[in-house]
Amino acid sequence: MIKQAIVPLAGLGTRLLPLTSVLPKELLPINGKPGLEYILEEGVNAGIKEFIFIISRKKKEIKKYFYNDSFYKKIIKKKNKNKRLMLEFAKIRKYKKKIKFIYQDVPRGTGDAVLKCKNYIRSKYFLLLLPDDLIIKNNCSQSMIRLHTKYKSSVIASKKVKKKDVSRWGIFDLKKFNKNSFFIKDVIEKPSIKNAPSNYAIIGRYILPKEIFKILQNQKPGKNAEIHITDAIKTLINKKEKFLGHIFSGKYLDCGTMAGYINSSIKISKL
Ligand code: G1P
C-alpha cells in the first residue's frame, strides 16, 4: 500500500514574483486557502499517512504555518472560542501530525529533492506530488493508487497538451492500451516541438519505486544543470521497470505561472 508522499517545496517561485518575494508560492491563497492545502487534501483522501515536505531555510514560513500552536491558542482564548478559528486550528493540527520536514537549501532540481528523502521511505513505492499542479473535482492520486494496485507498476499522471506547448513539460513516448492508460516507452524533459515524441505531458503526480534513489545518487545534472526526476525515470524505463501513464479525469490547474495562478482562483471559485 502507498502511505507516504514526497512534496518538493524548496523551489524559488520566480515565475510568481513579486508575490513570492515575501511568501512561499505554496502558501499563496487560491480561493481563500493555500494551494498546499489542496495537495494535502488530495493526499489524505487517497490514504496517505505521511507527507515528507522538502523546504529550504528561506521558506520556513511553510513550517510555521503548521507550527503556530501558541498563537492559535492565545487568539482562540481572546476571541471566546471563535468557532471558525477552532475549526481551522484543528485542521492544521491534524495535518501537522502527518508532516515531516526535510531541508534542501540549494535548489538543485526535483530529483535532488526526492533523493533527500531516501532514508525515510519505507515501502517499495511512494507518491510524489508537485504542488504547482492542482487537480480538482476528481482525486488523481486515488485513481493512480488504484491503477498501481491493479498492475503492480509505477504510474505517472498525464494530460494531452497543445503541440505548441510541449516544451513546458516532460513528454511521453507511449503505447496506448485503453482509453485512460498507456505504457510509457520513454520520457523527455521539455523537448523542442520537433523532438517531442507525442503531446502527452507529465503532470505532477507520480507513483515511483524505491529503486529510483539508487539512480538519482549517480545521476549527472541535466537540462539547466538540474537533477531531473524525469531523467531518473528514463533510466528506470531503460532498465525495464514497468511505467503506466494515467490520463486523469479531474480538472487540471497550473499554479506555477502567474496567468495559471490567477486562473486557478477564478476556476475554483466557480465550482
Ligand atoms: C516539472 C517536471 C516536468 C513536468 C512538470 C509538471 O517541471 O520537470 O517534467 O511536466 O513538472 O508540472 P516544472 O514545472 O518544475 O518546470
Could you list, ordered by first residue, the pairs with Cβ atoms under 8 Å in which the first is in segment 21-39 and closer than 11 Å to L9 by Cβ and the second is of a type in the set (S, T, N, Q), at least 6 apart or interchain? G35/S264
When every residue in segment 29-70 that is of a type in the set (S, T, Y) and farther than 15 Å from I135 by Cα is compared, the one surrounded by the fewest Cβ atoms within 10 Å (Cβ to Cβ) is S70
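For every residue, the table says whether it meets (1) within 13 Å of the ligand (Cβ to nearest atom); (2) surrounded by 20 or more Cβ atoms within 10 Å (Cβ to Cβ); (3) within 19 Å of D133 (Cβ to Cβ); (4) at pLDDT 95 or above.
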residue	(1), (2), (3), (4)
N199	yes, no, yes, yes
I203	yes, yes, yes, yes
Y206	yes, yes, yes, yes
H228	yes, yes, yes, yes
N238	no, no, no, yes
F243	no, yes, yes, yes
S265	no, no, yes, no
Tell me the residue from I184, I121, I171, I135 that is more than 10 Å from the ligand (Cβ to nearest atom), surrounded by 22 or more Cβ atoms within 10 Å (Cβ to Cβ) and over 15 Å from the mean Cα position of the chain (by Cα), please. I184
Within segment 153-168, restricting attention to residues that are away from the ligand (no atom under 11 Å from the Cβ) and out of contact with any Phe, Trp or Tyr (no Cβ under 9 Å at 6 or more places or on another chain), which residue is farthest from I247 (Cα to Cα)? K164
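Let's see how each residue does on (1) assigned to a loop (DSSP other than H, G, I, E, B); (2) of a type in the set (S, T, N, Q); (3) out of contact with any Asp or Glu (no Cβ under 6 Å at 6 or more places or on another chain):
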position	(1), (2), (3)
I135	no, no, yes
L174	no, no, yes
P191	yes, no, yes
G204	no, no, no
I233	no, no, yes
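The values are calculated or read from the model by the stated rules, or taken from the named source; none is laboratory data. Everything numeric in this text was worked out from a predicted model, so none of it was measured. Heads up, the Cβs are rebuilt from the backbone with ideal geometry, glycines too, and the neighbour counts pull from every protein chain shown.
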